[in-house]
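One structure below.
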Amino acid sequence: MSKKLFNLLFPLFVGTVLLLPLRAAGQGNPADIRTRLAQSYEKSGDYESALRVWSELFTADSGNFTLLESLKRCHLKLKHHDEVISLIEYGLRLNPGDIGSRAQLGNVWLLKGDEKKAGEAWERAISLAPGEETTYRIVGSAMIQARQFARAVATYQDARKVLGKPTLFASDIAYLYAIMQKYPESTTEYLTLLRETPTQLNYIQSRIASFTGSEEGLSAATTVVGQAVKTETRNVGFRRLLAWLFLEAKNFESAYGVYRELDALTGAAGKELFAFGVRALNEKSYAAASRAFSELIDRHPNFGEMHRARYSLARSLEELDSTVSSGEEPGVKPFGRAIGMYNRIVFDYPNTEIAGQALLRIADIQKNKLDNPGAARDILEKVSTEYKIFLPVVTGARLSLGEIYIGLDDLDRAARVLQEVAGRPPYGGPDRELAALRLAELNFYRQMYTPAMKILADLMENPVSDVTNDAISLQLLINENEKDNAEALARYAEARLLRAGRRYADALSVLNDELASRPGNALSDKLAFMKGEISLVLKMPDDALAGFAFIVDSLPESLLRDRAMFNMASIYELQKADRVNAIKTYELLLEKYPNSIHANAARKRIRILRGDNI
């Protein structure tokens with residue numbers, strides 16, 4: 001063949017070869033095409049058409065178990081129970097030892113309403129291989145699918161006897177008892193599992209948690225486990241489970257007793273007490289937490305995490321003093337115990353991160369609880385210069401200093417210290433973003449809107465930031481009012497600055513003056529809302545009601561109306577003890593704003609006020 005002729009024919013040859021598979025695929029096997037057609041009918045829910053196609057395919061290939069299953073599936077969907085029974089029996093004639101099909105036969109008889117034949121089918125399935133654990137697993141699963149939970153339990157218990165394994169299927173039986181709301185029996189089975197495999201404690205807790213949400217379930221589980229602990233006094237897993245149940249019930253005193261026993265039983269040298277104390281502190285059970293940390297410190301002076309234990313004790317004491325006036329105790333100043341403990345930590349662990357954290361707590365107490373911003377400032381300035389190697393500590397100090405300087409009307413120093421944290425954009429990380437937001441707010445207070453808007457635009461580059469919503473709100477506020485409502489915006493900024501500095505009386509004066517002089521301006525709702533919030537801080541519930549009521553009654557287009565209604569209802573409920581008006585206002589909120597973010601809370605408050613079970 002000449003080279004020229006080869007060059008002409010070779011492309012035709014290659015093209016023909018490449019097209020052959022495509023032509024073959026286009027023609028396809030008729031059975032495959034009809035299978036795909038039946039599957040398509042099933043997927044679309046057209047079971048009649050699917051059944052017709054499957055039947056035709058099965059007629060041509062009656063030994064194909066895949067087609068048999070497809071036929072059964074469609075007949076079941078169409079509730080053709082007699083046809084399904086016939087198909088299962090046909091399959092059993094081909095494969096008499098098929099335990100799964102025999103168990104399925106029982107399910108179909110039950111669907112047909114013949115419980116006697118269903119039971120006979122399941123018994124026959126078990127009889128095929130009664131010495132195999134898998135047999136009981138298959139039949140039990142079929143019973144569960146048929147919602148025959150008591151039968152399934154009985155089947156699993158029979159397996160224990162026949163196979164001589166008294167703990168077999170403990171998890172399955174426990175689960176079924178829980179479904180049947182037989183909580184003591186369920187808990188007993190879980191204890192059987194825990195006794196056999198102590199490493200399953202976390203799994204068992206997660207399963208028991210499915211019914212401890214009800215008072216009946218929690219009480220039953222606690223009683224059963226408590227009795228087991230008395231019987232098997234050295235079973236650590238049982239005690240851990242009992243402690244967990246007490247914690248679920250928020251019974252921290254009883255949980256504390258169990259953790260003390262665990263610490264002694266396991267020779268933990270304080271680790272169990274520490275774990276409980278941390279959990280109690282996080283759950284805001286401060287009395288129990290302080291007892292645990294105090295006992296740990298007294299009984300285990302060589303505890304490896306002593307600095308953390310002492311700090312946690314100080315935190316517990318601080319929170320206790322926040323809820324109970326320690327000033328009522330003779331010779332004890334408010335927060336004196338906590339401040340004393342923090343100071344001892346600073347002395348015993350000088351120039352460490354835990355010492356820096358203790359100083360931050362003392363500053364917070366001085367600023368927010370003892371209303372002594374000058375003392376807080378002095379401490380924070382010390383921390384920001386002497387603890388620079390501990391970045392989280394110095395960052396926290398500078399953020400707090402920014403707030404204090406604003407309160408002391410030292411705005412230039414506030415800007416400098418916040419800038420130290422924020423750095424240059426883009427602002428990465430929660431602390432830097434928060435500092436940048438505070439800088440933007442500071443510029444807003446000073447009516448420096450252009451630099452404020454620049455910072456806000458940079459912050460909004462991160463849509464998942466914790467400060468994004470606040471940044472958007474401030475940006476909209478400036479955009480909508482800077483030109484057409486500049487004077488009111490300036491007065492609003494002034495009131496916000498006064499509130500940030502805790503000069504509440506001065507802030508109220510600005511707000512009242514602005515509401516009186518320009519009652520219909522675009523910022524009226526924000527001014528009135530701030531008035532309500534500040535009045536609450538000053539324990540002036542009637543003035544707070546007036547501020548929120550102005551929004552509800554006079555500003556129907558305000559986006560703050562649902563929040564104002566919720567706050568009014570809360571004042572009626574908590575400040576005025578006016579149950580009738582509280583319910584009425586909560587109901588008005590639900591009527592006017594059923595999709596409000598406060599709707600669920602309003603429904604819950606209504607149920608509580610009415611005395612309904614929740």
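The values are calculated or read from the model by the stated rules, or taken from the named source; none is laboratory data. Since this is a predicted model, take the numbers as computed values, not measurements. So basically every Cβ, Gly included, is an ideal-geometry build from the backbone, and we count neighbours across all protein chains shown. Side chains included, ligands, DNA and RNA excluded: accessible areas come from the protein's heavy atoms. Shrake-Rupley method; radii C 1.70, N 1.55, O 1.52, S 1.80 Å.
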> Plugging the Kirkwood radius over Cα pairs into Stokes-Einstein for the chain, at a temperature of 4 °C and a viscosity of 1.567 mPa s, what D comes out in µm²/s?
Replying inline: 40 µm²/s
> What is the gain in length, in nm to one decimal, between Asn282 and Glu253 on full extension, counting 0.36 nm per residue of separation less the C-alpha to C-alpha distance?
Replying inline: 8.9 nm
> Taking +1 at the Cβ of each Lys and Arg and -1 at the Cβ of each Asp and Glu, which of Asn462, Ala174, Ile406 sits farthest along the dipole of the chain towards its positive end, judged by Cα position relative to the Cα centre?
Replying inline: Ala174
>> Name the residue from Gly91, Thr59, His80 whose Cα lies farthest towards the positive end of the charge dipole of segment 48-101, charges +1 on Cβ of Lys and Arg and -1 on Cβ of Asp and Glu.
In response: His80
> With point charges of +1 on the Cβ of Lys and Arg and -1 on the Cβ of Asp and Glu, referenced to the Cα centre of the chain, which listed residue (Leu590, Ala221, Ala495) lies farthest in the positive direction of the dipole?
Replying inline: Ala221
> Rounded to the nearest 0.05, what FRET efficiency do Glu557 and Glu353 have when you use their Cβ-Cβ distance and R0 = 51 Å?
Replying inline: 0.50
> Among the aspartates and glutamates, which fall within straight-line cross-link reach of Lys79, defined as a Cα-Cα distance under 13 Å, with same-chain neighbours fewer than 8 residues apart omitted?
Replying inline: Glu48
>> If you average the C-alpha positions of segment 358-427 and of segment 33-50 separately, how far apart do those two centres end up, in angstrom?
In response: 70 Å
> Hey, which of these cross-link pairs are over 30 Å Cα-Cα: Lys182/Lys584; Lys284/Lys604; Lys284/Lys592?
Replying inline: Lys182/Lys584; Lys284/Lys592
> Nearest 0.05, what FRET efficiency do Ile608 and Ile179 give at R0 = 35 Å with Cβ-Cβ as r?
Replying inline: 0.70
> Please state the relative contact order of segment 169-249 as a whole percent: Cα pairs under 8 Å, 6+ residues apart?
Replying inline: 28 percent
> Over all Cα pairs of segment 169-249, how is the pair count split among 10 Å bins, expressed in % and running from 0 up to the last occupied bin?
Replying inline: 21, 60, 19, 0
>> Counting other C-beta atoms within 10 Å, and keeping those with at most 10, which DSSP coil GluC sites (Glu not before Pro) do you find in segment 539-614?
In response: Glu557
> Share of Cα-Cα pairs in segment 478-556 beyond 15 Å, in percent?
Replying inline: 51 percent
> Which net charge results for the neighbourhood of Arg607, defined as the other residues with beta-carbon distances under 14 angstrom from its beta-carbon, given Lys and Arg at +1 and Asp and Glu at -1?
Replying inline: +2
> Is there a pair in Lys250/Lys333; Lys117/Lys165; Lys43/Lys72 whose C-alpha atoms are over 27 Å apart, and which pairs would that be?
Replying inline: Lys250/Lys333; Lys117/Lys165
> Using only helices, what value at 222 nm comes out for the chain when you add -39,500 (n - 2.57) per DSSP H run of length 4 or more and divide by the total residues, to the nearest 500 deg cm²/dmol?
Replying inline: -24000 deg cm²/dmol
> Taking Cα centroids, how far is segment 92-144 from segment 266-297 in Å?
Replying inline: 54 Å
> In whole percent, how big is the carbon plus sulfur part of the accessible area of the chain, probe 1.4 Å, protein atoms only?
Replying inline: 52 percent
>> Charges at C-beta only: +1 for Lys and Arg, -1 for Asp and Glu. How large is the resulting dipole of segment 172-282 about its Cα centre, in Debye rounded to 20?
In response: 280 debye
> Given a Förster radius of 41 Å and the C-beta distance between Val236 and Asn479 as r, what FRET efficiency does 1/(1 + (r/R0)^6) yield to the nearest 0.05?
Replying inline: 0.05
> Relative contact order (percent) for segment 36-155, with alpha-carbon contacts under 8 angstrom and 6 or more residues of separation?
Replying inline: 15 percent
> Could you name the aspartates and glutamates in cross-link range of Lys367, using Cα to Cα under 13 Å and dropping any fewer than eight places away on the same chain?
Replying inline: Asp378, Glu403
> Can you tell me the Rg and the Dmax, both Å, for the Cα atoms in segment 396-496?
Replying inline: 13.0, 39
> Once you charge only the Cβ atoms, +1 for Lys and Arg and -1 for Asp and Glu, what is the size of the charge dipole of the chain about its Cα centre, to the nearest 20 debye?
Replying inline: 1260 debye
> So what is the relative contact order for segment 288-410, in percent, with contacts set as C-alpha pairs under 8 Å and at least six apart?
Replying inline: 16 percent
